[in-house]
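For reference, the structure is listed below as structure tokens.
Every read-out reported here was derived from the displayed coordinates using simple, explicitly stated rules and does not represent laboratory data. Please read these numbers as outputs of a predicted model, since none were measured by experiment. Because the Cβ atoms are built from the backbone with ideal geometry, glycine has one as well, and the counts that use them run over all protein chains shown.
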Amino acid sequence: MTKFLTILGAAACLSLAAPAAAQERGAVRHDFDATQVQGDARILVFRPRIRVGEQSTGGMFEPRADWTELARDNLGNALDAYQVRYGSTLVEAPEAFGEDARIVEDYMALFSTVAESIVSYQFFPGNRLETKKADNRNEVFDWTLGPGVKDLPGAENADYALFVNTEDHYGSTGRKVLQVFAAMGGVSVTSGRHAGFAALVDLETGNILWVNADMQMGGDVREVDGAQRRVEQLFEDFPLVPAAAAGE
């Protein structure tokens, strides 16, 4: 019981320190003209970085290989179906090995960090970085992954890159019980985390041209329908007209 109360107290501190969960958010770089992406532009699509697991009573992430494999298959199929809508504009990135694979993984991890920073420091006024405050007052969206993206495999044959990351923590029984007891004590404790990030990146400069980032997305990625819902949310307001619509 003492251990449980200790965890409850720690959860209370964390709930007070963390910002409220974001609603689905999207942003476009201040100097980006979406019509630039139309026509003959080629967009390199990298395999999504997917992590799925259980959230322990204390809030720790515990990976589940079986859930991750399900999510990888479901999201992969949903993304393939989405990609078909855009014809040859969206090009699957070549499979990477050795050093190339390490570079891709590094940039996927960097993208997750930058996307979370965008949610925390661009979308929440009270948390904005000192260096971003003036930009926000002038409605400037200026984030980048750096010019090194031009060295990613396949970048030499494309204009833009599409990055997609998802991370889902499903609350354990202990976490859900903690949530109930915390609510009885007037403390807000979340059960689960369902982060989804998608971004269009300029391969010449590394600038993020469009992003959709949310720390609490919908859709259970372990289910086919849920994965389809997640993909639709990830690409809401994506600045590219589907091939079929463009020909109408």
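Excluding Asp106 itself, what net charge comes from residues whose Cβ is under 13 Å from its Cβ, given Lys and Arg +1 and Asp and Glu -1?
Net charge in that neighbourhood comes out at -2.
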Quiz item: For Val149, what is the net charge nearby, where nearby means another residue's Cβ is under 9 Å from its Cβ and Lys, Arg count +1, Asp, Glu -1?
Solution: -2
Self-check item: Cβ-derived FRET efficiency at R0 25 Å, Gln216 paired with Thr144, nearest 0.05
Solution: 0.45
Quiz item: Which FRET efficiency value, to the nearest 0.05, is calculated for Glu223 and Ala183 with the Förster distance at 30 angstrom and r the Cβ-Cβ distance?
Solution: 0.65
Exercise. Please compute the net charge surrounding Leu90, taking Lys and Arg as +1 and Asp and Glu as -1 over other residues with Cβ under 14 Å from its Cβ.
Key: -1
Practice problem: Subtract the Cα-Cα distance of Glu204 and Gln233 from 0.36 nm times their separation in residues, and report this length gain in nm to one decimal. | Solution: 7.7 nm
Quiz item: Assuming R0 = 25 Å, what is the FRET efficiency of Asp33 and Glu156, from their Cβ-Cβ distance, to the nearest 0.05?
Solution: 0.60
Quiz item: Using 7 Å Cα-to-Cβ label points, what is the Ser56/Ala101 separation (nm, one decimal)?
Solution: 2.9
